Amino acid sequence: MASGKEIKLKIGTISNIKKITKTMEMVSVSKMKKMVARVSASKEYAVKALQLLANLALERNIEHPLLEQGKGEKNLLVVFASNKGLCGGFNVNISKKLSQIAKQSKRTLDVITIGKQAERAARRNNLSIVASFIEFNEKTGSDDFLVLKQILLDKMQGGEYRETWMLYTEFKSAVSYAPVNYQILPPNVETLKHIFVEEEREERYGHKLKSLSRYIVEPSPEEVVEQIVPKLLHASLYHAHLESQASEHSARMFAMKNASDNAGNLVDDLTLQYNKARQSAITQEISEIVGGAEALK
């Protein structure tokens with residue numbers, strides 16, 4: 001059995017760890033709330049653009065390269081994960097989903113990774129990495145995704161790929177988030193609706209969509225599509241980043257909470273052991289004193 005001094009040192013160490021994990025938990029709560037607010041704010045513009053694209057696609061026969069599949073035989077996948085660990089199963093879930101997609105894909109799959117953990121997951125699955133972005137974090141703004149958007153457009157228009165997909169963690173609530181995989185090029189109205197439109201707004205979007213059939217679209221529907229599709233692609237990438245960040249901080253919040261609770265339980269157990277060891281030492285000292293007194297008689 002460990003001595004009282006050793007147990008006391010362990011209690012001090014674990015207590016310090018608990019302070020760190022508790023602080024990390026509070027920081028994650030704050031960051032998660034900020035990211036959720038940015039997720040909500042980023043949707044309004046995208047929803048309006050999506051409504052316009054939906055009307056144009058449904059009511060007019062438009063032919064445009066951005067609305068058609070590419071000529072290549074491969075698919076491109078953008079994978080969002082984190083740069084850091086200590087966030088529970090957040091990165092593990094993305095890695096498992098990526099493995100599943102790679103096995104089920106009928107075409108060769110290349111990836112663009114966002115985050116160090118996404119890059120590691122791609123290498124574990126022996127996937128070719130076209131580009132890697134490891135500087136993105138909760139402070140990253142929408143303009144930082146303009147480069148990624150242009151890379152995707154160039155790859156598709158260059159004839160290298162047939163479709164472009166996006167794998168990220170969708171944030172549903174502080175206790176609910178899951179990896180999702182959506183096609184973003186060529187754009188699909190139903191897919192984009194899943195990304196941007198909440199379930200409670202689906203009736204307003206799906207059944208009461210304002211018709212544009214009586215309006216003249218200038219300069220032309222094709223030119224409008226040429227402007228709308230890249231903007232929707234940009235909004236989709238930025239939105240996925242925000243949702244991924246919100247999910248990461250939520251996962252880290254619960255991971256740190258569990259760590260703090262476990263540290264507290266461990267301190268309680270060690271405190272009990274310390275008290276037992278201290279009581280045993282006191283009892284032994286009393287016995288020695290009594291024994292010494294008896295020997296002097």
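Structural remarks
- Residue satisfying all of: in region 67-81; buried (at least 20 other Cβ atoms within 10 Å of the Cβ) and aliphatic (A, V, I, L, M); nearest to S260 (Cα to Cα) among these: A81
- Count - residues of region 99-112 that are in a loop (DSSP other than H, G, I, E, B) and either within 19 Å of E170 (Cβ to Cβ) or touching a residue at least 24 places away in the same chain (Cβ under 8 Å) (or both): 2
Yes/no per residue for (1) exposed (fewer than 14 other Cβ atoms within 10 Å of the Cβ); (2) part of a helix (DSSP H, G or I); (3) without any contact (Cβ under 8 Å) to a residue 40 or more places away in the chain:
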position: K10; (1), (2), (3): no, yes, no
position: N16; (1), (2), (3): yes, yes, yes
position: M24; (1), (2), (3): no, yes, no
position: A37; (1), (2), (3): yes, yes, yes
position: A54; (1), (2), (3): no, yes, no
position: N83; (1), (2), (3): no, no, no
position: C87; (1), (2), (3): no, no, no
position: K97; (1), (2), (3): no, yes, no
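- Counted residues, region 126-164 - those being in contact (Cβ under 8 Å) with a residue 60 or more places away in the chain, surrounded by 18 or more Cβ atoms within 10 Å (Cβ to Cβ) and over 22 Å from P186 (Cα atoms): 1
- Condition met for S211 (of a type in the set (S, T, Y) and at pLDDT below 80): yes
- Scanning region 251-295 for residues that are of a type in the set (S, T, Y) and exposed (fewer than 11 other Cβ atoms within 10 Å of the Cβ) yields T283, S287.
- The test for being small (G, A, S), in a helix (DSSP H, G or I), touching a Lys or Arg at 6+ places or on another chain (Cβ under 8 Å) and in contact (Cβ under 8 Å) with a residue 24 or more places away in the chain does not hold for S42.
- Odd one out for I62 among (1) of a type in the set (A, V, I, L, M); (2) part of a loop (DSSP other than H, G, I, E, B); (3) under 26 Å from A131 (Cα atoms): (3)
- Boolean, V225 is modelled with pLDDT under 85 and either surrounded by 12 or more Cβ atoms within 10 Å (Cβ to Cβ) or within 24 Å of L98 (Cβ to Cβ) (or both): yes
Yes/no matrix, rows are residues, columns are (1) surrounded by fewer than 16 Cβ atoms within 10 Å (Cβ to Cβ); (2) acidic (D, E); (3) closer than 21 Å to A49 by Cβ; (4) modelled with pLDDT under 75:
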| position | (1), (2), (3), (4) |
| --- | --- |
| M166 | no, no, yes, no |
| A174 | no, no, no, no |
| I195 | no, no, yes, no |
| E202 | yes, yes, yes, yes |
| I216 | yes, no, yes, yes |
| S236 | no, no, yes, no |
| H249 | no, no, no, no |
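The values are calculated or read from the model by the stated rules, or taken from the named source; none is laboratory data. What you see is a predicted model; the values in this text were computed from it and never measured. Note: ideal-geometry Cβ built from the backbone for every residue, glycine included; neighbour counts use all protein chains shown.
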